[in-house]
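Derivation of every value follows stated rules applied to the coordinates shown; laboratory data play no part. In this text, all values refer to a predicted model and were calculated from it rather than measured experimentally. Don't worry about glycine lacking a Cβ; one is built from the backbone with ideal geometry, like all the others, and counts go over all protein chains shown.
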Amino acid sequence: MREKQYVVDALSIEESWRIFRIMAEFVEAIEELSQLGYAVSIFGSSRVTPEDEYYKKAVYLARRLVEKGFAVITGGGPGIMEAANRGAAEGGGKSVGMNIRLPFEQKPNPYANIRIEYKYFFVRKVMFVKYAMAYVVMPGGFGTMDELFEAVTLIQTKRIKAFPVILMGSDYWNGLLDWVRATMLSERKIQPEDMELLQVMDDPDQVVKHIQKLVIV
């Protein structure tokens with residue numbers, strides 16, 4: 001019985017320390033980003049190469065954003081994240097990489113000039129939302145979908161102030177949106193106005209102009 005109680009006590013202590021580690025991640029991130037100013041979070045696949053069309057578009061988009069006074073925030077890893085950090089850094093702007101420690105895929109890219117490393121996914125996700133004036137979501141996998149739908153859910157439920165959520169790449173996203181309309185909307189799982197939360201665009205310059213219209217810098 002005593003050995004069992006020792007195990008319970010040890011687990012309780014570990015849980016208490018976990019709370020402090022979570023708090024420390026929040027404090028570090030907020031201190032680092034509190035003076036960031038207007039920023040745009042860019043998401044997309046970690047698996048694309050510099051030869052990919054969307055890698056090139058992400059570089060150009062990020063450069064144009066920093067030229068207009070925005071900082072750029074990414075997940076800090078390779079692929080689209082690297083491209084966006086690269087464009088922002090090469091444009092002389094604030095290039096934020098918020099890296100998550102993972103056993104595979106996620107390694108920090110060299111282009112972020114503001115770097116934060118996270119252990120906890122949910123802390124990192126809060127920071128993406130907290131400091132973004134807009135989301136630009138490029139083609140990606142489950143992680144990209146996760147960030148997209150969490151933001152849309154928070155806006156839909158009015159847990160955060162609405163901001164532009166732009167899906168870049170009509171060829172990639174139109175199939176998903178067709179299904180959302182044909183299934184979710186037709187079965188009344190969402191409201192017609194919910195579809196207005198998402199904008200689909202292909203031209204990086206159009207994306208920048210759309211964000212500027214809604215966010216005065």
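General observations
- Rg [Å, one decimal], Dmax [Å, integer] - segment 90-217, C-alpha atoms: 15.9, 48
- Stretch in the chain that is longest and holds no trypsin sites (Lys or Arg not before Pro) that DSSP places in a loop and that have at most 15 other beta carbons within 10 Å: 48-100
- Loop-located GluC sites (Glu not before Pro) in segment 140-217 (DSSP state not H, G, I, E or B) with no more than 14 neighbouring Cβ atoms inside 10 Å: Glu187.
- Normalising the average separation of contacting C-alpha pairs (under 8 angstrom, six or more residues apart) by the number of residues puts the relative contact order of the chain at 19 percent.
- Ellipsoid semi-axes in whole angstrom, largest first, where each is sqrt(5λ) of the Cα gyration tensor of the chain: 32, 23, 17
- Set of aspartates and glutamates with alpha-carbon distance to Lys107 below 18 Å, sequence-local pairs under 8 removed: Glu82, Glu117
- DSSP-loop chymotrypsin sites (Phe, Trp or Tyr not before Pro) across segment 67-165, with at most 13 other Cβ within 10 angstrom: Phe104
- Pairs spanning more than 19 Å between alpha-carbon atoms, out of Lys57/Lys119; Lys68/Lys213; Lys161/Lys213; Lys56/Lys161: Lys57/Lys119; Lys56/Lys161.
- Of the GluC sites (Glu not before Pro) found in segment 14-85, the ones in coil according to DSSP and having at most 14 other Cβ atoms within 10 Å of their Cβ are Glu51.
- Beta bridges per DSSP with both ends in segment 37-214, % antiparallel, nearest 5: 0
- Percent RCO, i.e. relative contact order, over segment 99-179, from Cα pairs under 8 Å lying at least 6 residues apart: 26
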